[in-house]
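Student: Pasting in a structure now, in C-alpha cells, and then I'll have a few things to ask.
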Amino acid sequence: MTTSTTTVSETPRILWEGAATDRLQVRLCGSWLRDLPQPAVADLEEALRNTPGTCRVVFDCQELQAWDSSLLTFLLRLVRKGEAGGFAVEQEGLPEGVQKLLQLASAVPEKKAGRAEDVREPLLSRVGNEVLLVLGEGANMLAFLGESVQAAGRLVRGKARFRRSDLILLLQECGVKALPIVSLISVLVGLILAFVGSVQLKTFGAQIYIADMVGIAMAREMGAMMTAIIMAGRTGAAFAAQLGTMEVNEEIDALKTLGFSPMEFLVLPRMLALILMMPLLCLYADLMGILGGAVVGIGMFDLTPTQYLLQTSGALGLNDFAIGLVKSSFFGILVAFSGCLRGIQCGRSASAVGSAATSAVVMAIVLIVLFDGLFAVLTEILSI
Amino acid sequence: MTETESVHIRAQNLTLAYGSFVLMRDLDFTINRGDIFIIMGGSGCGKSTLLKTLVGLKEPATGEVFYNGTSFWKTELTEREQLMRGVGILYQSGALWSSMTLAENIAMPLEEYTDLPVSQINELVSLKLALVGLAGFGGFYPSEISGGMRKRAGLARAMALDPDILFFDEPSAGLDPVSARLLDDLILELRDSLGATVVVVTHELASIFAIGTNSVFLDPESRTAIATGDPNQLLAESRDPRVINFLTRGEGAENRPEL
C-alpha cells in the first residue's frame, strides 16, 4: 500500500489551520506507516470539538510521503467522529487509493446485533443447560459402553470384523514400544519407595524390611497404577487423537457407509491390545520396581543380594501379583475406553482433536484412581 | 409402470435438523436411473447434510428416503446395510483410511463382501486404480500423495463394489481447473459405462452445467428447495431471481450466457 518513492521515511506529522472557522484544513505530512511513531491527534480532535457545527474538514496531502492502514484507521475514526459531532469530512484531497479503501470499509454497515450468544442468559437457564449437557454426556458414555460390550460379545462369538494386522501393530505400539518409559518410571518408583521407607525402618534397625515394603507396594499397587498412568498419557491420548483425526477426515463416515462398524473396526482392537498388554507391562514394572528397591537396599543399607531376594520372595505371595495383574487389565480397559470414547465423540476441527486427547487423559486418570480405590476396598473386604 | 421403474431415489417431505435448529424442510425430489443429479445451493445451506441423510449417516427429523421404492430409514438395519452396499461415496477430502495403503483401502470392501481369492482381489484393485489414472500407486499411503490423487483414489474405493449409485461430496473442491475438468469427464464416463446413477453436491458452476442432468436448488433463506430440474434448463427458463443469481454468479437474468 506504500505509495512513496522516497527512501528516507519521515515520521508522520499533522498540521492544521483554520480552527474555529467553518473550514478546517488538515495537512498530512511524512510517512504514515505502522512502524513509525504515530502523531498525536488528540489536539486535532480537541480543536474539532470546539468548532461550530457546520465545519468541513478538508485534507492537503502534498507532503504525504507514504501511507498504510494506520492512516486509514485514523481517517475512519475522524469520519465516525464527524458523523457523531456534525462536521463533514471531505475526502477529495486524499490520495485516490485511500478514498477507495475508505469507501470499501464503509460499504457494508457494521453488524450491530452481535452474536446470539452475547445475550446473557438468566442464571437458572444456564444451570439447567449445563445439567442437561452433563446428563447427555452421561447418556453418551453409557451408549458407548453398551456398544462396546455388544462388540465384545460379537468378538467372543467370533463374528467381530477387524483387521488382524491392525491388532498386531497396536499390540506392538502398546507393548514393546512402551517398555523404555515403563522401565524408567518403575525403577525410579522402586527407588523412591525404598528411600522413603528406609528412613523410618533404619531407626528400628529393620532395614531388611525394605524388601518386603517395596515388593508388596509394587506388586499390589504401584506397578499397575504407574503403568496405567503412563499408558493413559501415552496411548490413551494417542487413541483419542487418532480416532479424532479420522473423524475430522470423514474416515469414520467412510467406514460406516461401507458397513464397517467403527466399534468393531477401531475400538475393539484398541481395547484388546491394552487388555492383553497391560498385565504384561505391569508384571514387568513390578520386577523393575523391585530391582530399583534392591539397588537402594544393597547399595546403601548393606543388605546382600541373596538376603534381599529371599526376603522379597518370602514377603510376596502369588496373590499379590495376581491382584496387580487383574487390576492392570482393568485399567487397560479404562484407558482404551476413555481414549476411544473421546476420539469417537470428537468434533470436526483441529482444536476438537486437541481437547479430545486432553480429556481422554484426564478421564482415564480419574477413572484409574477411582477404580483403584474400589479395588482397595474390595481386597480389604475379601481379605486377600 | 415404466415411470416408477426409472425412479431410483425419492425424497419425500424431508426435514433436516440439528436438534431444534431446522436446516431444510419439505424437501421433495426424485432422482432417476442414470441421472447426474446436482444438489446445489449457497455455502452452509445444508447440501452436505442432505447428502448425509441420503447415504444413511444422519437420520432425517421427518420424512422419508426411498431407494427403489424401499423406505431407507424404516427398514431393518441389515437390509439398510444391504442397500448401502450398492452405494459408493466420494468424500470431500477422499477420506481414505490413513493407516492403509491405497491398495488395502480399495481391497477392504472387496475382502469383506465378496469371497474372491486374493489374486482376483488384487487384479480388481489394480483395475480400479487404473480406471482413475493411478495405476502403480497401490503401495502408497494416503499421506504420500497429493490431494487430487487422494480424491481419485477415494473414487476408486467408492467404485470397488461396482455400485449402482455414486455420491460425490464437492468433487472439484481444492482441485485445479484442469483436474476438476478431468474429474467431471471421469464422472460422465463412469455414468455411461457403468450405467450408474450419480448424485453430486457442488456449487461449482462449470461442473453443474457440464455434467448435470437434473438438480435440486436449496435456498438458505426460505429453508427449502426452490427449484428442481436440468440446471441448463433452469438457467434458461427460471423466473426465480435467487436461482438466476446463483447460476449466473450474481450477474442477473439479462446477462445469461449463451448456451
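The values are calculated or read from the model by the stated rules, or taken from the named source; none is laboratory data. Bear in mind that the values here come from a model prediction, so they are computed numbers and not experimental data. Cβ: placed from backbone, ideal geometry, glycine included. Neighbour counts: every protein chain shown. To get the accessible areas, we keep the full protein, side chains included, count just its heavy atoms, and leave off ligands, DNA and RNA. Shrake-Rupley method; radii C 1.70, N 1.55, O 1.52, S 1.80 Å.
Student: With the alpha-carbon atoms as the only input, what is the per residue convex hull volume for chain A in Å³? Before the final figure, lay out the partial values.
Tutor: Working: hull volume 117.7 nm³, N = 384.
Per residue, the Cα convex hull of chain A comes to 306 Å³.
Student: From the C-alpha coordinates alone, can you work out the Kirkwood hydrodynamic radius of chain B, in Å? All intermediate terms of the calculation are to be shown ahead of the outcome.
Tutor: Working: mean 1/r = 0.0522 Å⁻¹.
About 19.2 Å, per the Kirkwood formula over Cα pairs.
Student: Rounded, prolate or oblate: which fits the stretch B:1-138, taking a ≥ b ≥ c as square roots of the Cα gyration tensor eigenvalues, rounded meaning a/c under 1.5, else prolate when a/b beats b/c? Can you show the working numbers first?
Tutor: Working: a/c = 2.07, a/b = 1.69, b/c = 1.22.
Note, shape of the stretch B:1-138 comes out prolate.
Student: For residue A:81, go through the lysines and keep the ones whose alpha-carbon is under 25 Å away, minus same-chain ones fewer than eight residues off.
Tutor: A:100, A:111, A:112
Student: Using helices alone, I'd like the mean residue ellipticity at 222 nm for the protein assembly as shown: each DSSP H run of four-plus residues gives -39500 (n - 2.57), total over residue count, nearest 500.
Tutor: Values: 24 runs with 344 residues, N = 643.
Mean residue ellipticity at 222 nm (helix-derived): -17500 deg cm²/dmol.
Student: In a GNM of chain A with a 10 Å cut-off on Cα contacts, which of A:297, A:18, A:343 has the highest mean-square fluctuation?
Tutor: Evaluated over chain A, the most mobile residue of the options is A:18.
Student: Binning every alpha carbon pair distance of the stretch A:225-295 at 10 Å from zero, what are the percents per bin?
Tutor: Over the stretch A:225-295, the share of Cα pairs per 10 Å bin runs 18, 37, 24, 14, 6, 1 percent.
Student: Also, I was wondering about something else. So what's the projected area for the stretch B:6-48, the Cα convex hull averaged over all directions, in nm²? Write out the running numbers ahead of the final one.
Tutor: Numbers: hull surface 13.8 nm².
Result: 3.4 nm².
Student: Using DSSP to define loop residues, name the GluC sites (Glu not before Pro) in the stretch B:1-99 whose beta-carbon has at most 16 other beta-carbon atoms within 10 Å.
Tutor: On the way: sites: B:3, B:5, B:64, B:76, B:79, B:81; in loops: B:76.
Sparse-neighbourhood loop GluC sites (Glu not before Pro): B:76.
Student: Obtain the nm distance between the two label points defined at residue A:58 and residue B:205 by a simple spin-label model: each point lies 7 Å from its Cα along the Cα-to-C-beta direction.
Tutor: 4.4
Student: Moving on to the next point. Report ³J(HN,Hα) in whole Hz for each residue of the stretch A:93-109, in order, from the Karplus equation J = 6.51 cos²θ - 1.76 cosθ + 1.60 where θ = phi - 60°; Gly and Pro get x.
Tutor: x, 7, x, 4, x, 4, 4, 5, 5, 5, 4, 4, 5, 9, 5, 9, x
Student: Right, here's the next one. Can you list residues from other chains, or at least 5 along the same chain, whose modelled amide H is less than 5 Å from the amide H of residue B:62?
Tutor: Answer set, sorted by chain and number: B:15.
Student: Now, a different point. With a 1.4 Å probe, what is the total accessible area buried between chains B and A, in Å² rounded to the nearest 100? Walk me through the numbers before you get to the answer.
Tutor: Details: alone 12690 and 21020 Å², together 32070 Å².
That pair hides around 1600 Å² of surface in total.
Student: Same structure again: Non-local amide H neighbours of residue A:38 (under 5 Å, H modeled in plane, Pro and chain starts lacking H): which ones?
Tutor: Amide H neighbours of residue A:38, under 5 Å, 5+ apart: none.
Student: Would you kindly state how much longer the chain becomes between residue A:176 and residue A:370 on full extension, computed as 0.36 nm times their sequence separation minus their alpha carbon distance, in nm to one decimal? Mind showing how you got there, number by number?
Tutor: Values: separation 194, 0.36 × 194 = 69.84 nm, distance 2.75 nm.
Roughly 67.1 nm would be gained on extension.
Student: Taking every residue in B:80-88, how many Cβ atoms of other protein chains lie within 10 Å of its Cβ, on average?
Tutor: Per residue, the average neighbour count from other chains is 2.
Student: Compute the Rg to Rh ratio over the stretch A:121-255 from the alpha carbon atoms, using the Kirkwood formula for Rh, and round to two decimal places. Please report the intermediate quantities before stating the final value.
Tutor: Details: Rg = 22.8 Å, Rh = 19.7 Å.
Here Rg/Rh amounts to 1.16.
Student: Can you give me the convex hull volume of the Cα atoms of the protein assembly as shown, divided per residue and expressed in Å³? Each step should come with its number before you reach the end.
Tutor: Values: hull volume 193.4 nm³, N = 643.
Per-residue hull volume (Cα only) is 301 Å³.
Student: To continue, here is another question. Taking amide H atoms as placed 1.01 Å from N in the peptide plane, list the residues 5 or more away in sequence, or in a different chain, whose amide H sits under 5 Å from that of residue B:90.
Tutor: Distant-sequence amide H within range of residue B:90: B:167, B:168, B:169.
Student: Given springs between every Cα pair under 10 Å in a Gaussian network model of chain A, which of A:106, A:148, A:165 has the largest fluctuation?
Tutor: The residue with the greatest mean-square fluctuation here is A:106.
Student: A further question follows. Hey, any idea what % of the stretch A:142-382's accessible area is carbon plus sulfur with a 1.4 Å probe?
Tutor: Working: 7810 of 10580 Å².
C and S atoms contribute 74 percent here.
Student: Tell me the relative contact order for chain A as a rounded percent, counting alpha carbon contacts under 8 Å between residues six or more apart. Walk me through the intermediate numbers first.
Tutor: Numbers: 511 pairs, mean separation 62.1, N = 384.
Rounded, it is 16 percent for chain A.
Student: Explain nothing, just compute: Karplus ³J(HN,Hα) = 6.51 cos²θ - 1.76 cosθ + 1.60, θ = phi - 60°, for every residue of the stretch A:352-363 in order, whole Hz, x for Gly and Pro.
Tutor: Once rounded to whole Hz, the list reads 5, 5, x, 6, 5, 5, 4, 6, 5, 5, 4, 4.
Student: To check you understand DSSP bridge types, tell me what percent of the beta bridges within the protein assembly as shown (both residues inside) are antiparallel, rounded to 5. Walk me through the intermediate numbers first.
Tutor: Values: 24 of 52 bridges.
Percentage antiparallel, nearest 5: 45.
Student: Here's another thing I want to ask about it. Bins of 5 Å, beginning at zero and ending with the bin holding the largest distance: percent of Cα pairs per bin for the stretch A:13-105, please.
Tutor: In whole percents, the pair-distance histogram is 3, 13, 27, 27, 20, 9, 1, 0.
Student: Given a Förster distance of 56 Å, report the FRET efficiency between residue A:88 and residue A:121 from their Cβ-Cβ distance, rounded to the nearest 0.05. Provide the component values of the computation, followed by the final result.
Tutor: Working: r = 43 Å, r/R0 = 0.77.
With R0 = 56 Å, the Cβ-Cβ based efficiency is 0.85.
Student: Using a Förster distance of 22 angstrom, determine the FRET efficiency expected from the C-beta separation of residue B:194 and residue B:120, and round it to 0.05. Don't jump to the answer; show the numbers that get you there.
Tutor: On the way: r = 19 Å, r/R0 = 0.87.
E between residue B:194 and residue B:120, to the nearest 0.05, is 0.70.
Student: Moving on. Assigning unit charges at the beta carbon (Lys, Arg +1; Asp, Glu -1) and nothing else, what dipole magnitude in debye, to the nearest 20, does chain B show about its Cα centre?
Tutor: Working: 21 positive and 34 negative charges, 102 e Å.
It works out to roughly 480 debye.
Student: Using 5 Å bins from zero, what percent of all Cα-Cα pairs in the stretch B:119-259 falls into each bin?
Tutor: Going out from 0 Å in 5 Å bins, the stretch B:119-259 shows 2, 9, 17, 18, 17, 13, 9, 7, 5, 2, 1, 0 percent.
Student: Right, next: For the protein assembly as shown, what is the accessible area per residue in Å² when the probe is 1.4 Å? Numbers along the way, then the final one.
Tutor: Values: 32070 Å² over 643 residues.
Value returned for the protein assembly as shown: 50 Å² of accessible area per residue.
Student: With the radius of gyration and the Kirkwood radius both derived from the Cα set of the stretch B:120-185, what is their ratio Rg to Rh?
Tutor: Working: Rg = 11.9 Å, Rh = 12.5 Å.
Over the Cα atoms of the stretch B:120-185, Rg/Rh equals 0.95.
Student: In a GNM of chain A with a 10 Å cut-off on Cα contacts, which of A:358, A:245, A:73 has the highest mean-square fluctuation?
Tutor: Highest fluctuation among the options: A:73.
Student: Provide the per-residue ³J(HN,Hα) series for the stretch A:228-240, in order, calculated from phi with Karplus coefficients 6.51, -1.76, 1.60 and θ = phi - 60°, each as a whole number of Hz, with x at glycine and proline positions.
Tutor: Values per residue, Gly and Pro as x: 4, 5, 4, 5, 4, x, 8, 9, x, 5, 5, 4, 4 Hz.
Student: If the limit is 26 Å between Cα atoms, which of A:256/B:74; B:47/B:74; A:159/A:327; B:47/B:151; B:58/B:151; A:256/A:327 go over it?
Tutor: Details: A:256/B:74 18 Å; B:47/B:74 23 Å; A:159/A:327 28 Å; B:47/B:151 19 Å; B:58/B:151 23 Å; A:256/A:327 34 Å.
Over 26 Å apart, Cα to Cα: A:159/A:327; A:256/A:327.
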